[in-house]
Amino acid sequence: MNAEFLLTHFNRVSDAPNAIPTIRQFILDLAVRGKIVDQDPVDEPATALLSRIQEKRSKLLRGKEIKQTSLVYGRISVGEEWPLPPGWVRATISDTCDIQTGATPDRTRSDYFGGPIRWLVSGDINKGEIVECEGRITQRGLDESNCKVLPPDSVLMALNGQGKTRGTVALLCVPATCNQSLVAIIPLMRECLIPEYLFWNLRARYQSIRHLTGDG
């Protein structure tokens, strides 16, 4: 299916089984490829943006404000099968983002739970945009565990979970911590890599992510 076919045969396509999810996925695929809106020729080229991000990343690494990313699951395709729009460039998440994992405080310690700090689990990822959650830990639970407070605009990904949860992504809208079933992907320069674009780009790669983290 391509854009011309969809527009020409929309009425017939929209009546097919599972048409709405299929059309949504198709439009999302077009969007992350830059096929919906023409690239503005006056925009700064992505090579310049990537250079600025990498300079920032090197500075943060030298200052030990972030850690070198260790890839565990392998590489997600970044669109090698389709041509890039003018001014775009391919980059990996580890080139452009800080990646942080979550943790669970000692469950035998009641004083670690029930405090004011949000604590996310895999079930929260299905909300798409996270503004609240039921889980809570205390300041002591945070200080005496490997939990970290994640900033708003982090993109969260479920590494495991029931049903369709694994591979699902969500955009964090408030500060929160998370358990080890989630990984946080934090753009190093939000003005260069918009968190919303990262969220929709990864959402479009749902099946590829699931194949990396398990059996499809």
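The values are calculated or read from the model by the stated rules, or taken from the named source; none is laboratory data. Just so we're clear, the structure is a prediction, and the values are computed from it rather than from any experiment. Glycine also receives a Cβ, built like all others from the backbone with ideal geometry; neighbour counts cover every protein chain displayed. Note: accessible area is taken over every heavy atom of the protein model, side chains too, but ligands, DNA and RNA are not part of it. Shrake-Rupley method; radii C 1.70, N 1.55, O 1.52, S 1.80 Å.
On the given criteria, is residue 55 outside any loop (DSSP other than H, G, I, E, B), among the acidic types (Asp, Glu) and surrounded by fewer than 14 Cβ atoms within 10 Å (Cβ to Cβ)?
So residue 55 passes the test.
Looking at 184, 158, 204, which one is within 16 Å of the chain's Cα centre (by Cα) and closer than 18 Å to residue 105 by Cα?
184
Restrict the check to segment 177-190 and report whether at least one residue is free of Cβ contacts under 8 Å to residues at least 12 places away in the same chain, closer than 17 Å to residue 95 by Cα and out of contact with any Asp or Glu (no Cβ under 8 Å at 6 or more places or on another chain).
There is no residue in segment 177-190 that is free of Cβ contacts under 8 Å to residues at least 12 places away in the same chain, closer than 17 Å to residue 95 by Cα and out of contact with any Asp or Glu (no Cβ under 8 Å at 6 or more places or on another chain).
In the set 82, 119, which member is open to solvent by less than 50 Å² (accessible area, probe 1.4 Å) and at pLDDT 95 or above?
Every option except 119 fails the conditions.
Determine the pairs where a residue that is closer than 14 Å to residue 100 by Cα and without any contact (Cβ under 8 Å) to a residue 40 or more places away in the chain, located within segment 135-163, has a partner that is among the polar types (S, T, N, Q) and open to solvent by 40 Å² or more (accessible area, probe 1.4 Å) with Cβ atoms under 9 Å apart, the partner being 6 or more residues away or on another chain.
158/126
Considering every residue within segment 21-39, establish whether at least one is among the small types (Gly, Ala, Ser), at pLDDT 75 or above, farther than 26 Å from residue 212 by Cα and open to solvent by less than 70 Å² (accessible area, probe 1.4 Å).
No - not one qualifying residue is present in segment 21-39.
Between 196, 134, 191, which is at pLDDT 95 or above and surrounded by fewer than 16 Cβ atoms within 10 Å (Cβ to Cβ)?
Result: 134 is the single residue among 196, 134, 191 that is at pLDDT 95 or above and surrounded by fewer than 16 Cβ atoms within 10 Å (Cβ to Cβ).
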